[in-house]
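Since the structure comes first, as structure tokens, the remarks are kept for the end.
The values are calculated or read from the model by the stated rules, or taken from the named source; none is laboratory data. Quantities reported herein were computed from a predicted structural model and do not represent experimental measurements. Here the Cβ positions follow ideal geometry from the backbone for every residue, glycine too, while neighbour counts run over all protein chains shown.
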Amino acid sequence: MAKIGESADEAPCPSTALAAAFAWLVPGLGHWWLGHRARAAIFFVVITVTFWAGVAVGGVRNTVSPRDNGAWIAAQLCVGPQSLFALYLNQKTLERSDSDSLKAAWPASNISVVYAGVAGLLNLLVIIDAMARCEASRRTAPARSPPLKGASR
């Protein structure tokens, strides 16, 4: 009997690297590809909402700023293309206006950076989990032997 979010007859995962790439591209996509649909949907919603909630609290200018946030940007980039899009929006807002006028108030700016960073770190764990599940499916997959010659079915 399969657990919730797991397929009953799992085939071995063809590529651990591909599972990791899918998990980085869209949070939960690696698990979706492996057949863990409910788990994938939960990961997608939690990580995406957490990242964009952080951006909403502090604004894109304060949240996704490599110059101001140091190591937090590395964590945020683990969310995938969403963080690259937010970084692009940050650059566009800097080009169009005075950067000091777009600064958020002190608590909001710190909270937003932490939210977005935590979302990235959560997705890093999801990527590692997708890779581990892929490897586990390879190890536990039954070896298929060719049919015996002359054996009737």
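Against the definition (at pLDDT 95 or above, within 15 Å of Leu122 (Cα to Cα), surrounded by fewer than 21 Cβ atoms within 10 Å (Cβ to Cβ) and small (Gly, Ala, Ser)), how does Ala20 come out, yes or no?
Spelling it out, Ala20 is indeed at pLDDT 95 or above, within 15 Å of Leu122 (Cα to Cα), surrounded by fewer than 21 Cβ atoms within 10 Å (Cβ to Cβ) and small (Gly, Ala, Ser).
Would you point out which residue out of Ser65, Ser99 is of a type in the set (S, T, N, Q), modelled with pLDDT under 85 and under 23 Å from the mean Cα position of the chain (by Cα)? Can you show your working first?
On the way: Ser99 fails: under 23 Å from the mean Cα position of the chain (by Cα).
Result: Ser65 is the single residue among Ser65, Ser99 that is of a type in the set (S, T, N, Q), modelled with pLDDT under 85 and under 23 Å from the mean Cα position of the chain (by Cα).
Looking only at the range 9-36, count every residue that is touching a Gly at 6+ places or on another chain (Cβ under 6 Å) and part of a helix (DSSP H, G or I) and tell me the total.
Looking only at that region, the number is 5.
Quick check on Ala119: is it modelled with pLDDT of 95 or more, among the small types (Gly, Ala, Ser) and in a helix (DSSP H, G or I)?
On the way: modelled with pLDDT of 95 or more: yes; among the small types (Gly, Ala, Ser): yes; in a helix (DSSP H, G or I): yes.
Judged against the criteria, Ala119 is a match.
From Gly70, Gly54, grab the single residue that is small (Gly, Ala, Ser) and either in contact with a helix residue (DSSP H, G or I) (Cβ under 7 Å, 6 or more places away or on another chain) or at pLDDT below 80 (or both).
Working: Gly70 fails: either in contact with a helix residue (DSSP H, G or I) (Cβ under 7 Å, 6 or more places away or on another chain) or at pLDDT below 80 (or both).
On inspection, the qualifying residue turns out to be Gly54.
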